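Chemist: Would you mind keeping the following structure in view while I ask a few things?
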Amino acid sequence: MSHNELNHRHYIIIDVSEISKLEFSEVMETSEDTLRISNDGTKTFVKYGHHSPHCLEECASKSESYSHHDFLEILSGPEWNIAFGGGLYGS
C-alpha cells in the first residue's frame, strides 16, 4: 500500500455499544470480528476512505475524524497499545 493511499484514510472512534449500527460495506473493516477494541473494552474504531460512511451518522458517540498520521499516535497510547495489557480484537 502506498503512502499516498494511507494519507486518504480516516478513522473514527465509537463506543462498542454502537457496533450494531455499523454497515461493514461502508467501512474498511469486514465484520465485528475484525474490529480492534480499546484496552478497557469500551471503544472501537473504523477506518474509511474519502467519504464518511452514512452509518456513522447514527453513532452518537463518534469522535472527530482523524488522519492516518494522527491516529497512529492515538494507537500508540495506553488506551489502545497492547503493550499496556489490551487485546487486538473483540470477542
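Values quoted throughout were computed directly from the atomic coordinates according to the rules given, and no laboratory measurement underlies them. None of these values were measured; they are calculated from a predicted model.
Chemist: Expected output is a single nm value to one decimal: the length gained when fully extending between residue 72 and residue 15, i.e. 0.36 nm times separation in residues minus the C-alpha distance. What is it?
Modeler: 18.6 nm
Chemist: Kirkwood Rh and Cα-based Rg: tell me the resulting Rg over Rh for segment 13-76, rounded to two decimals.
Modeler: Taking Rh as the inverse mean 1/r over Cα pairs, Rg/Rh reads 0.92.
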